[in-house]
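The values are calculated or read from the model by the stated rules, or taken from the named source; none is laboratory data. Computed from a prediction, not measured in an experiment: that's the story for all the values here. A quick note on method: Cβ atoms are made from the backbone with ideal geometry, for glycine too, and the neighbour counts reach across all protein chains shown.
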Amino acid sequence: MEFLRPATWAEALAAKAEHPDALPIAGGTDVMVELNFDVKRPPFLLDLTRVTELADWAPDGGMLRVGAGVTYSRLISELGDQLPGLAMASRTVGSPQIRNRGTVGGNLGSASPAGDAHPPLLADSEAGAVVEAHSVRGTRFIPISEFYVGVKRSALEPDELIAAYWLRPAAGPQQFSKIGTRNAMVISVTAFAIALHPASRRVGTGFGSAAPTPRRATEAEQFLSDELTASGRWESRAELDPAAVAQFGELVAAAASPIDDVRGTASYRRHALSVMAKRTLVWSWSDFRNARPAPNSRRTA
């Protein structure tokens, strides 16, 4: 195995173009586990830790461009107020040492259906979440809902590297929930994220470890968006209809296609998703009801 260590982004892209089978490594929290257990044995490792611009983030045109090398710890401390769902998920990733090294960019690169960052990213699909991929050929912006194409497979071309991901700062409540043998330092049995987008009257969802890829529950999103609009609850902020909450949970579970494995059964995963969907919906709606209405909104309850 050969170790490539570019000093600049241009050098990294050139190395990836020359060696498309090179495996990128930054935090190494996923890659090193696979190497240690001999799951992967790539001919080249492409170390990106010297490429400092990957660790930058900045607002840009109403969006946040977050470099692929921004760690979970920094995301929590520096962006937790703007990306609360992703920050909640980040707090469940490993130990403090892992969060100091691991990155959402690495989660995207591995594209594991169990990655904790994927559900909140998918829940932001309606707000325009995208992955920014670079190669010597140019730049591509891949919508997050099109990024995952198979088990641990993404839409990246062999010569592409993830430079950043783009998210819109939260304009409404977001929640994340994860089922595991403990709250953190564990691969999820399943995980679920929800984001309310009051301005567009939309609901976003994402879940992991319950299908070959991280996935949205699009029928559940449409049902809840329509119900909240038809009932006037976006404006009134009235309490949720318990029947609608139950239906939302059922639709989320129906969107899953889990398997039985050592972490849990398919039936348990569907049940857990339904419970988490209902709970996070109630939590996020409570946050919405308790938030100060926008100046042009009308609150009657």
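Would you call ALA277 under 19 Å from the mean Cα position of the chain (by Cα), within 15 Å of LEU196 (Cα to Cα) and either in the same structural domain as LYS152 (by TED's automatic domain parsing) or in contact (Cβ under 8 Å) with a residue 24 or more places away in the chain (or both)? Yes; evaluated as a whole, the condition is true for this residue. It is to be established whether one or more residues within the range 31-41 are within 20 Å of LEU108 (Cα to Cα) and touching a helix residue (DSSP H, G or I) at 6+ places or on another chain (Cβ under 7 Å). Yes, some residue in the range 31-41 is within 20 Å of LEU108 (Cα to Cα) and touching a helix residue (DSSP H, G or I) at 6+ places or on another chain (Cβ under 7 Å).
Yes/no per residue for (1) in contact with an Asp or Glu (Cβ under 9 Å, 6 or more places away or on another chain); (2) under 21 Å from PRO24 (Cβ atoms); (3) outside the structural domain of GLY150 (by TED's automatic domain parsing):
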{"residue": "LEU83", "(1), (2), (3)": "yes, no, no"}
{"residue": "ALA89", "(1), (2), (3)": "yes, no, no"}
{"residue": "THR92", "(1), (2), (3)": "yes, no, no"}
{"residue": "SER95", "(1), (2), (3)": "no, no, no"}
{"residue": "GLY106", "(1), (2), (3)": "yes, yes, no"}
{"residue": "ALA111", "(1), (2), (3)": "no, yes, no"}
{"residue": "PRO120", "(1), (2), (3)": "no, no, no"}
{"residue": "GLU126", "(1), (2), (3)": "yes, no, no"}
{"residue": "ARG137", "(1), (2), (3)": "yes, yes, no"}
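Selection of the range 184-196 for residues being in contact (Cβ under 8 Å) with a residue 24 or more places away in the chain, surrounded by fewer than 20 Cβ atoms within 10 Å (Cβ to Cβ) and over 16 Å from ALA87 (Cα atoms) yields only ILE187.
Within the bounds of the range 77-86, is there any residue that is farther than 19 Å from THR190 by Cβ, small (Gly, Ala, Ser) and out of contact with any strand residue (DSSP E or B) (no Cβ under 7 Å at 6 or more places or on another chain)? Looking for residues that are farther than 19 Å from THR190 by Cβ, small (Gly, Ala, Ser) and out of contact with any strand residue (DSSP E or B) (no Cβ under 7 Å at 6 or more places or on another chain), one finds at least one in the range 77-86, hence yes.
Limited to the range 197-212, what total is found for residues that are assigned to a strand (DSSP E or B) and surrounded by fewer than 23 Cβ atoms within 10 Å (Cβ to Cβ)? Qualifying residue count for the region: 2. Taking only pairs six or more apart or across chains, which ones have beta-carbon atoms under 9 Å, a first residue in the range 250-271 that is in the same structural domain as ARG215 (by TED's automatic domain parsing), and a second residue that is modelled with pLDDT under 95 and basic (Lys, Arg)? Once the first residue is in the same structural domain as ARG215 (by TED's automatic domain parsing) and sits in the range 250-271, its partners that are modelled with pLDDT under 95 and basic (Lys, Arg) give ARG269/ARG263.
Given the structure, is GLU132 charged (D, E, K, R) and part of a helix (DSSP H, G or I)?
no
Checked across the range 27-40, the condition of being surrounded by 15 or more Cβ atoms within 10 Å (Cβ to Cβ), free of Cβ contacts under 8 Å to residues at least 40 places away in the same chain and hydrophobic (A, V, I, L, M, F, W, C) holds for at least one residue. PRO96 fulfils the conditions (1) of a type outside the set (A, V, I, L, M, F, W, C); (2) surrounded by fewer than 19 Cβ atoms within 10 Å (Cβ to Cβ); (3) under 14 Å from the mean Cα position of the chain (by Cα) except for a single criterion, (3). The residues of the range 219-240 that are surrounded by fewer than 17 Cβ atoms within 10 Å (Cβ to Cβ) and out of contact with any helix residue (DSSP H, G or I) (no Cβ under 7 Å at 6 or more places or on another chain), listed by number, are GLN222, ASP226, THR229, ALA230, SER231, GLY232, SER236, ALA238, GLU239.
Condition first: of a type in the set (S, T, N, Q), at pLDDT 95 or above and surrounded by 18 or more Cβ atoms within 10 Å (Cβ to Cβ). Can you find one or more residues in the range 58-71 that meet it?
Yes, because at least one residue in the range 58-71 is of a type in the set (S, T, N, Q), at pLDDT 95 or above and surrounded by 18 or more Cβ atoms within 10 Å (Cβ to Cβ).
Please verify whether the range 154-174 includes one or more residues that are within 20 Å of ALA254 (Cβ to Cβ), of a type in the set (S, T, N, Q) and buried (at least 20 other Cβ atoms within 10 Å of the Cβ).
From the range 154-174, those within 20 Å of ALA254 (Cβ to Cβ) are none; that's our starting set.
Checked the range 154-174: no residue is within 20 Å of ALA254 (Cβ to Cβ), of a type in the set (S, T, N, Q) and buried (at least 20 other Cβ atoms within 10 Å of the Cβ).
For (1) aromatic (Phe, Trp, Tyr); (2) more than 12 Å from the chain's Cα centre (by Cα); (3) not assigned by TED's automatic domain parsing to the domain that holds HIS118, each residue gets a yes or a no:
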| position | (1), (2), (3) |
| --- | --- |
| ALA133 | no, yes, no |
| ILE144 | no, no, no |
| VAL189 | no, yes, yes |
| PRO198 | no, yes, yes |
| GLY208 | no, no, yes |
